[in-house]
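Encoded as structure tokens, the structure appears first; notes follow it.
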């Protein structure tokens, strides 16, 4: 079985009107999650490997990436540091 890329999954998911509506309402959150997933994949890291770098369980990374959690800024900072990313907030 061939796995889908994140872009393929996103494109298919956004074809559903309710999914697209929810995505648009939560644009900033999904953009952040999307960028972190993309960086993790670019670096060839599994959720488990990223979790090990950060010092947490893989399930915490999975919940974050699925959007099923309300992460703290500290949580996001830990993940971004482990990926070599900087978080910038613009007004």
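The values are calculated or read from the model by the stated rules, or taken from the named source; none is laboratory data. The structure presented is a predicted model; accordingly, all values stated were derived computationally and were not measured. So basically every Cβ, Gly included, is an ideal-geometry build from the backbone, and we count neighbours across all protein chains shown.
Structure above, values below:
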{"quantity": "Only one of 16, 48, 2 that is under 15 Å from the mean Cα position of the chain (by Cα) and more than 19 Å from residue 87 (Cβ to Cβ)", "calculated": "48"}
{"quantity": "Selection count where residues are farther than 27 Å from residue 90 by Cβ and exposed (fewer than 14 other Cβ atoms within 10 Å of the Cβ), scope region 21-49", "calculated": "3"}
{"quantity": "Among the residues listed as 2, 86, 18, the single one being in a loop (DSSP other than H, G, I, E, B), out of contact with any helix residue (DSSP H, G or I) (no Cβ under 9 Å at 6 or more places or on another chain) and either surrounded by fewer than 15 Cβ atoms within 10 Å (Cβ to Cβ) or without any contact (Cβ under 8 Å) to a residue 24 or more places away in the chain (or both)", "calculated": "2"}
{"quantity": "Selection within region 21-75 - in contact with a helix residue (DSSP H, G or I) (Cβ under 6 Å, 6 or more places away or on another chain), in a helix (DSSP H, G or I) and free of Cβ contacts under 8 Å to residues at least 24 places away in the same chain", "calculated": "23, 47, 48, 51, 58, 61, 62"}
{"quantity": "Boolean, residue 29 is under 16 Å from the mean Cα position of the chain (by Cα) and modelled with pLDDT under 85", "calculated": "yes"}
